[in-house]
Amino acid sequence: MQAVNERFAYLREKTSKLTDRPGCYIMKNSDGKIIYIGKAKNLRNRVSSYFRLGADHLPKVAKMVSHVFDYDFIITDSEFEALVLECSLIKQYKPKYNILLKDDKGYSYIKITNEEYPRLQCALQKYDDGAQYIGPYTSSFAVKQAVLEANRVFSLPTCHRKFPQEFGKHRPCLNYHINRCMGLCMGKVSSAEYKKIIDDALSYIKEGSESSVEEMTRQMMEAAENLEFERAAKLRDRINAITKASESQKIIDEDRRDCDVIAAAILGENACISVVMYRNGRLFDKASFFLGQEDDTSLMREEFIMQYYSSRDYIPKDIYIDTEFDEQTHENIVKYLRSLCDHAVNLQNPKRSTAAKLLELSASNASEYLSIKVGRSGREITALDELARALGLSKPPRIIECYDISNLGNTNVVAGMVVFENGRPNKQLYRKFSIKTVVGQDDYSCMCEVIERRFRRYLDGDESFSVMPDLIFLDGGKGHVNAVAPLLSELGINTELFGLVKDSKHRTRAVATSGGEIGLSKRSAGFALITQIQDEVHRYSLSFQKQKRNAAAYQLEITKVKGIGPAKAKLLLTKFKTKKALKEASVQELSETAKISIDKASELFEAIKEI
């Protein structure tokens with residue numbers, strides 16, 4: 001709940017007289033300290049949004065507004081000038097409630113362990129352990145990626161087995177069978193040969209794939225001339241491995257000499273941005289920033305770019321980012337960046353090519369960094385982000401509701417509603433529905449009844465239905481979507497609506513819209529999430545349907561007792577709910593619940609034991 005600010009009346013009165021020209025506004029607390037700086041193309045509209053009655057701010061914004069004692073403003077001639085001024089003022093005053101960039105910087109080393117068969121590892125600091133250390137490097141991320149790539153390309157062992165002590169004691173692991181490891185555990189590689197491979201791996205890290213291939217080609221030709229055909233074949237295979245890896249690896253990219261790759265990860269209102277940097281065609285560094293609660297994701301990215309590059313010594317010509325700005329915002333950002341570096345800047349949102357894959361790498365880093373901050377897995381965050389992009393949502397959904405109808409013939413038709421919050425099931429928000437108005441098997445009408453009951457209770461202020469979803473899934477195709485969409489519109493509910501389609505084997509296949517289907521890669525985290533949601537809603541509705549069917553069957557058994565009709569049987573099952581609870585009930589409890597005599601309750605007590 002937003003804290004009450006006693007100055008609101010004054011602030012609203014002051015804002016009503018504010019100009020509608022572009023400029024910057026400067027929020028101050030009672031001590032006169034600047035706590036927030038913002039820009040606007042219309043100062044009156046933007047500033048008034050903070051102080052209007054009933055404003056539904058994020059907690060971070062609400063807290064800032066509660067501390068505003070007064071504000072100042074500076075008028076500019078254009079939105080671009082306001083943008084530049086905002087960036088300068090934030091850099092100067094570092095207000096508490098603006099994005100203040102603190103990255104995850106650290107130092108790392110490439111470590112070659114002190115063993116007869118040394119390993120290639122990354123380390124955060126040097127130890128006096130006899131190992132060889134190369135570095136320090138300013139980017140721990142770049143070191144990790146380079147070591148990972150070298151181990152993969154040269155098929156180096158990454159297991160915990162001790163060599164040569166464990167030669168021949170175990171069968172080769174899975175990595176050997178999928179050509180990710182040379183199978184050192186079989187004892188067929190000499191120490192001298194292995195150390196030469198380590199040297200080649202280090203050369204690959206330091207000089208790149210092109211230099212490594214040239215040197216290995218020379219060695220291969222030399223071995224062939226000396227009739228060392230086995231060694232020549234191994235070198236040939238290693239050259240092929242490097243060439244193949246170069247097609248997909250993201251460590252070295254000669255086509256992109258200098259560029260920055262910016263992507264965000266969002267979970268609920270929390271956001272993180274990662275910047276992956278390439279210099280001279282090689283992955284150079286990575287920085288991640290936790291931005292806390294953010295509502296407007298486009299504005300968040302715009303503000304980040306302005307503040308991030310205003311404090312950088314170098315701005316590359318190419319900057320890739322995971323969003324498309326509107327034309328005016330894009331023009332303003334590029335114009336500002338050019339003024340900082342005196343050269344052209346190309347700001348792009350690539351959809352295909354290797355640049356798009358680099359964005360995926362940056363997004364993965366942002367997801368992992370955010371997962372640490374908010375206690376969620378990186379895969380959960382990635383799944384919500386993939387889902388939002390696939391469905392065209394403005395941001396990843398925090399609350400997802402999914403509905404399914406379950407029936408057996410024309411009787412005991414029920415529905416289940418499951419809720420996923422930030423990628424995980426929230427069973428406290430699950431709800432069950434018994435169909436009341438629809439006769440027979442009519443899934444569309446049943447779904448409409450359930451949706452109407454759910455949202456009418458929300459509109460009536462029912463606390464048990466007070467959470468509004470960001471996304472609704474229906475277990476069904478476009479027919480279900482077309483049946484429910486007009487109802488939601490009539491109720492004034494603007495939540496995004498989709499169906500979940502299954503194949504002939506009852507497995508999730510696609511997402512349905514009112515006009516067709518959206519396909520997702522079955523290997524993606526987003527597809528795994530919707531499969532989990534669909535399986536969960538089916539399980540939940542089916543279990544409720546079975547429960548109703550069993551209760552009906554048990555109620556029928558009870559009515560066979562003389563003097564117990566459907567009404568009394570319903571009273572008993574409503575009270576005791578399960579067969580076990582009913583069998584454990586005393587004669588007195590049965591008498592009071594069914595409103596029958598003690599003698600009749602005794603007869604019922606004995607009959608229940610036999611059911």
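Need the failing condition index for Q293 against (1) within 30 Å of P95 (Cα to Cα); (2) modelled with pLDDT of 75 or more, just the number. Going through the list (1) within 30 Å of P95 (Cα to Cα); (2) modelled with pLDDT of 75 or more, Q293 breaks only (2).
I'd like the residue in the range 327-352 that is exposed (fewer than 11 other Cβ atoms within 10 Å of the Cβ) and over 16 Å from K317 (Cβ atoms) and, out of all such residues, is modelled with the highest pLDDT. Full working, then the answer.
Of the residues in the range 327-352, the ones exposed (fewer than 11 other Cβ atoms within 10 Å of the Cβ) are 327, 342-344, 351-352.
So of that shortlist, the ones also over 16 Å from K317 (Cβ atoms) come out as 327, 351-352.
Details: E327: 92, K351: 85, R352: 79.
Only one residue tops the list, namely E327.
In the range 158-169, the residues that are assigned to a loop (DSSP other than H, G, I, E, B) reach residues that are of a type in the set (K, R) with C-beta atoms within less than 8 angstrom, at least six apart or across chains, in these pairs: T158/R119. Here S521 fits the description: among the small types (G, A, S), touching a Phe, Trp or Tyr at 6+ places or on another chain (Cβ under 7 Å) and exposed (fewer than 12 other Cβ atoms within 10 Å of the Cβ). Checked against (1) surrounded by 17 or more Cβ atoms within 10 Å (Cβ to Cβ); (2) more than 26 Å from R398 (Cβ to Cβ); (3) not charged (D, E, K, R), N280 meets all criteria but (1). Each residue in the range 415-432 was checked for being out of contact with any Lys or Arg (no Cβ under 6 Å at 6 or more places or on another chain), under 25 Å from D385 (Cβ atoms) and of a type in the set (A, V, I, L, M), and 3 pass. Scanning the range 109-144 for residues that are under 30 Å from L291 (Cα atoms) and modelled with pLDDT of 75 or more turns up Y109, C122, A123, L124, Q125, V143, K144. Residue count for the range 20-48 satisfying the condition of being over 35 Å from the mean Cα position of the chain (by Cα), of a type outside the set (S, T, N, Q) and in a loop (DSSP other than H, G, I, E, B): 6.
For (1) at pLDDT 90 or above; (2) part of a helix (DSSP H, G or I); (3) surrounded by fewer than 17 Cβ atoms within 10 Å (Cβ to Cβ); (4) touching a Phe, Trp or Tyr at 6+ places or on another chain (Cβ under 9 Å), each residue gets a yes or a no:
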| residue | (1), (2), (3), (4) |
| --- | --- |
| H506 | no, no, yes, no |
| V511 | yes, no, no, yes |
| F527 | yes, yes, no, no |
| T531 | yes, yes, no, no |
| Q534 | yes, yes, no, yes |
| H538 | yes, yes, no, no |
| Q545 | no, yes, no, no |
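The values are calculated or read from the model by the stated rules, or taken from the named source; none is laboratory data. Being a predicted model, the structure only gives us computed values, none of them experimental. Cβ sites come from the backbone with ideal geometry, for glycine too, and all protein chains shown count toward neighbours.
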